[in-house]
Amino acid sequence: MRKTFAAAAAALATLILAPLPLAAQGVKGGQGQAPALTADGACSAEQRTTIRRAFGDARQMTNASIASLTLEPEAIRPHLARFFGSNPAGAIAKNFRAISQGLDEREGRIAYECNRASACRGATFAYVRWGGNAREVMGFCPTFFSAGRTGQDSQGGIVIHEMSHLALGARDHAYQPRGAEALAKDDPAAAQMNADSYEYFAEFLPR
Ligand SMILES: [Zn+2]
């Protein structure tokens, strides 16, 4: 359920442990400049804007993936084989449609958390869990907010990963591009239900 990046752990620790510049300490001593992690995980207006933009990016990436799989299945075949092995284009397109529907239907009713200290350990990018009253919770951590908008582990791609858990019931069988590629070869059925496989298919989609 957690989207993590082991190599980012060191970077995150550095980020947190680095002493604040004097100017920043001054800001912190006044008001403003929230700490990186909070106990309640409440999202600021700025964080909500970033999440909304990431959902928009995820929509575009998902739509581009569906278009490639349905309109140019021959051209996309090597890319499909890289992340989904022998799975047919139609099956993966169908699952991307479910993710797309999840983005549309769930964005407004999910409960969001930002930088919640008890959940953002070990360089976790983001996570989903089920809160009270069966409400779906999607949480985002500092590494998500500092991620880029394109390429590997982008903000939009991370949202695709988390939405694949909610909309498809995808699991985390294997992480990272290498793990996803190995899973595609060794166990295509598991690849079809692996969150990172959808994320990387969309992030590395040939244009
Ligand atoms: Zn996950």
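The values are calculated or read from the model by the stated rules, or taken from the named source; none is laboratory data. In this text the structure is predicted, and so the values were computed from the model without any measurement. Virtual Cβ from ideal backbone geometry, glycine too; neighbours counted across all protein chains shown. All accessible areas refer to the heavy atoms of the entire protein, side chains included, with ligands and DNA or RNA removed. Shrake-Rupley method; radii C 1.70, N 1.55, O 1.52, S 1.80 Å.
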First compute the accessible area of the stretch 142-195 with a 1.4 Å probe, then give the percent of it belonging to carbon and sulfur atoms. 47
With r as the distance between the Cβ atoms of Ala36 and Ala67 and R0 = 41 Å, compute the FRET efficiency 1/(1 + (r/R0)^6) and round to 0.05. 0.60
Environment charge of Ala195, counting only residues whose C-beta is closer than 9 Å and scoring Lys/Arg +1, Asp/Glu -1: -2
Taking K and R as +1 and D and E as -1, what net charge do the other residues with C-beta under 11 Å from the C-beta of Pro88 add up to? +2
Report the extension gain between Arg48 and Leu205 in nm, rounded to one decimal, defined as 0.36 nm multiplied by the number of residues separating them, less their alpha carbon distance. 53.8 nm
Once phi is turned into ³J(HN,Hα) by the Karplus curve 6.51 cos²θ - 1.76 cosθ + 1.60 with θ = phi - 60°, what whole-Hz value does each residue of the stretch 142-147 show in order, with x for glycine and proline? x, 5, 5, 5, 9, 6
Hey, can you grab everything whose amide H is under 5 Å from the amide H of Gly41? Only 5+ residues off in sequence or another chain; H modelled, so Pro and N-termini drop out. Ala117
Exposure ranking of Thr70, Thr50, Thr150, Thr124 by accessible area [1.4 Å probe, largest first]: Thr150, Thr70, Thr50, Thr124
Nearest-5 percent of antiparallel DSSP beta bridges in the stretch 97-204? 50
Expected field for Lys94, accessible surface area in Å² at 1.4 Å probe radius, rounded to 10, holds 140
Most to least accessible of Leu80, Leu71 (protein chains only, probe 1.4 Å): Leu71, Leu80
Below 8 Å between Cα atoms, with a sequence gap of 6+, how large is the relative contact order for the stretch 159-200 in percent? 51
Relative contact order for the stretch 89-187: what percent, with Cα pairs under 8 Å and sequence separation of 6 or more? 25
